[in-house]
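The values are calculated or read from the model by the stated rules, or taken from the named source; none is laboratory data. Just so you know, these numbers come straight off a predicted model, no measurement behind them. When we count neighbours, we look across all protein chains shown, and the Cβ atoms used for this are built from the backbone with ideal geometry, even at glycine. Accessible surface areas use protein heavy atoms only, side chains included; no ligands, DNA or RNA. Shrake-Rupley method; radii C 1.70, N 1.55, O 1.52, S 1.80 Å.
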Amino acid sequence: MTAEKSGTTGRRSGAETRADGTGAKNPPDDAAGAGPGSGSPDERASGADSSGEDDTAGTVTSAGKAKRTRKARRTGAAKAAGTASTADKTSTADKAEAGTEAGTEAGTEAGTEAGTEAGTEAGTEAGTEAEARDRADAAKKDGDAAEKSDAAKQDGTGDDEPADPWSAFGPAPEPVLGRPRRAVRAVGRFLVHEWTLAVVAALALAAAMTWPTLRYPRHTLPQDYWDPSLQAWQMAWSGHILRTNPAQLWHSNTFYPENWSFAFSDTLLGYAPAGLIGVGPEHAVLRYNIMFVLAHALAAFGAYALARQLGAGRIGGAVAGASFAYAPWLLAQAGHLHIISNGGIPLALAMLARGHGWSLRYGYRPRRRHAGWAFAGWLVAAWQLSLGFGIGLPFAYMLAGVVLVSVVLWFVRRRKVKRPFGRRLFLADVLGGLVFAAVGAALAVPYFKVAELHPNAERTIGDIGLYSPPASGFFTAPAESRVWGGLHEGARAVLPWHPEMTLLPGFVLYALAAGGLFFSVWRVRHRIFLLAGVLVTMALAMGTRFFGGRFTYVPLFDYLPGWSGLRTPGRMMLWTTLLLGLLAAGAVTAFCMRVRELAAERVPPWPGPWLRLATLLPLALVLVEGLNATPQPVVPRQPAALRTVDGPMLVLPSSQNLDQPVMLWSTDRFQPMVNGGSGFTPRSQARIREATVSFPDYASVDYLRQIGVKNVVVLRDELEGTPWEGMLDRPVDALGVAREQVGEAVVFRL
């Protein structure tokens, strides 16, 4: 007997087929279990694999009807009632042998156990064993031919190629890759990952958008060679002192004999690892230009990561990144690396949001929490703070406000949401917050010490008023803008201090953000929050120009520690630009989604490619507005005397701007010097400059000896038009001073 198993329930079918084509209807379960269809696990697996081909019950045929027998063999086996399985294609010999046994046993078993007409007829016609074997042999030949035909249909190899007998056991296993091939695959996946491509795109875009910064990176500096020279010295000093004597970090070689002089301005301390590489002015300039380009790349990547984490699409995130890094107003800050170095702000926010499983578009998703990302976000925030308090201090207060609001919300909803962060995430926040606070406190100590020793370093409300821009500044571009610079020359002329008052983030960005208020992937309440943030930060950026600042900037100036040290309110435009970029990202993402829907509805999909190309238009327009016309002046060559003369020394002439290149020239030996430029002038330095106007004479020489100055270097080419003009014509014979010509400079040895 043969019995087929049901394709869905595993029960025996209602009819069995014998070797001669006869069968009994509805045998009991124990009788059905004796057939070859259920006797082999391999055959049952094969039958299950080929289920679904037929759904009618098997038929009862007589042993003498060879035509019906051949038909049954071609279909694979007798069919089961209500099932969808056929007999194993690779076990035709077993079928014939099973049919032989069934021919001798089925008549008796079917007649006695089933008691049906089919069983009696089968038992009479298959009376002898020899006749049953002959019929089985014929059926075997027909079955082999049918199996070859079925295999050819399935694998397309034709009648000459037999089917793989091992296919009954399942598909071939995946090849086991060796370690080299696994490494190649992992590298390939890494190279085509979204974040890898985003990093590469940010670097390439930064090199292009800041060009020609990298054209002559050893000899030129962007915008001017005053503040960039100071900041190139800062990176060189931090690397040098960490390599030689870290305990003297805050007591630099400049502003002699003052202490804590490294804290006279923002330090860019986070770039100290770069300062460990290279020595001398040329390397310092090269280092500055490289970090200048990398700062733009980090700003674009950080804003892209934040927009993506909040729920924007790729193109929307690219618009947010480009608008944040290449806003026209930032072109006026090209000489202030500590302002350009703002990418850690959006990147830290993106990491913190990722670690807490939160996004603007999808809300709070606990399953996406990750303590490691949260802790990394705190570390990036601490690194950003180490670059300077000019933009780091508002960032620190913003993070403190977010933490405070989160604690209040948790306290209000603690009964509804228990342990919303989880233990690991809570510990990551606590440890990360402590690291951030510790870095901020350690960096603040020198600045508070400077404020104590130099009261004139503190800003007043009057100073803030001098740098507070009017409302027209939000629509005025700086001279460094290639697109709007020339057109806005008249508007800049009426601004009291246009380098800090030209705050245009981009007309394209304004338009995209306005569209994002009405058409966006963000919820309406989120759009309102973003708009409120834009308006608040704009009011803060106006300083005392917004109703005198009584309800905006002045309370922060009076009550927040350290806020009085911020000189330029217009730099709050950084936050305005970021929020406008998020509004624009929501609009562009919604536009891209609509384009995909329109392309999918068209048959054929034309003009889908053109619509998709149109989604790049906002990004292209934002980048066009960010094109620069920044000058790249050549850095003055280092005088030979600065490589040989020991300190403490004084280089004349001396002033805020003239001293900054002198600081850069000292990066060969870092000898102590009176010269130095920062955000304020220490009183001791002002007294030295005043006392040496008559140099060389008895009073000035005596004063310099008292404070410990040993050498005075006079730059002959820089004297014209300064208070020290004509000093080289004065005699020194009676002063006990040696005078020596070293290159283009004159050295007085006291």
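Among the residues of the range 694-723, those that are over 18 Å from Pro661 (Cα atoms), buried (at least 19 other Cβ atoms within 10 Å of the Cβ) and not hydroxyl-bearing (Ser, Thr, Tyr) comprise Phe695, Pro696, Val701, Leu704, Val709, Asn711.
In the range 672-679, is there at least one residue being open to solvent by 20 Å² or more (accessible area, probe 1.4 Å), closer than 26 Å to Gly743 by Cα and either out of contact with any strand residue (DSSP E or B) (no Cβ under 8 Å at 6 or more places or on another chain) or in a loop (DSSP other than H, G, I, E, B) (or both)? Reasoning before the result, please.
Within the range 672-679, the subset open to solvent by 20 Å² or more (accessible area, probe 1.4 Å) is 672, 679.
Now restrict to residues that are closer than 26 Å to Gly743 by Cα: 672.
Restricting the remaining residues to those that are either out of contact with any strand residue (DSSP E or B) (no Cβ under 8 Å at 6 or more places or on another chain) or in a loop (DSSP other than H, G, I, E, B) (or both) gives 672.
Yes, the range 672-679 contains a residue that is open to solvent by 20 Å² or more (accessible area, probe 1.4 Å), closer than 26 Å to Gly743 by Cα and either out of contact with any strand residue (DSSP E or B) (no Cβ under 8 Å at 6 or more places or on another chain) or in a loop (DSSP other than H, G, I, E, B) (or both).
It is to be established whether one or more residues within the range 176-198 are in a helix (DSSP H, G or I), modelled with pLDDT of 95 or more, under 28 Å from Thr667 (Cα atoms) and not basic (Lys, Arg). No.
The rows are residues; the columns are (1) of a type in the set (S, T, N, Q); (2) touching a residue at least 24 places away in the same chain (Cβ under 8 Å).
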residue: Gly465; (1), (2): no, yes
residue: Pro478; (1), (2): no, yes
residue: Ser481; (1), (2): yes, yes
residue: His488; (1), (2): no, no
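The sole residue among Gly462, Gly548 that is out of contact with any Pro (no Cβ under 7 Å at 6 or more places or on another chain), at positive phi and part of a helix (DSSP H, G or I) is Gly548.
The set of residues in the range 460-471 that are under 37 Å from the mean Cα position of the chain (by Cα) and either closer than 10 Å to Ala541 by Cα or open to solvent by 30 Å² or more (accessible area, probe 1.4 Å) (or both) comprises Tyr467, Ser468, Pro469, Pro470, Ala471.
Any residue in the range 606-618 that is of a type outside the set (A, V, I, L, M, F, W, C), out of contact with any helix residue (DSSP H, G or I) (no Cβ under 9 Å at 6 or more places or on another chain) and either within 30 Å of Leu466 (Cα to Cα) or part of a helix (DSSP H, G or I) (or both)? No - not one qualifying residue is present in the range 606-618. In the set Phe448, Phe375, Phe436, only one residue is within 21 Å of Gly270 (Cα to Cα), open to solvent by 90 Å² or more (accessible area, probe 1.4 Å) and either assigned to a helix (DSSP H, G or I) or of a type in the set (Lys, Arg) (or both); that residue is Phe448. Screening the range 245-298 for residues that are on the phi > 0 side of the Ramachandran plot and of a type in the set (A, V, I, L, M, F, W, C) and picking the one that is farthest from the chain's Cα centre (by Cα) gives Phe255.
Thr537: in contact with a Cys (Cβ under 8 Å, 6 or more places away or on another chain) and either over 23 Å from Tyr304 (Cα atoms) or surrounded by fewer than 23 Cβ atoms within 10 Å (Cβ to Cβ) (or both), yes or no?
Numbers: in contact with a Cys (Cβ under 8 Å, 6 or more places away or on another chain): no; either over 23 Å from Tyr304 (Cα atoms) or surrounded by fewer than 23 Cβ atoms within 10 Å (Cβ to Cβ) (or both): yes.
Judged against the criteria, Thr537 is not a match.
Picking from residues in the range 625-660 that are open to solvent by 10 Å² or more (accessible area, probe 1.4 Å) and part of a helix (DSSP H, G or I), the one that is nearest to Gly485 (Cα to Cα) is Glu625.
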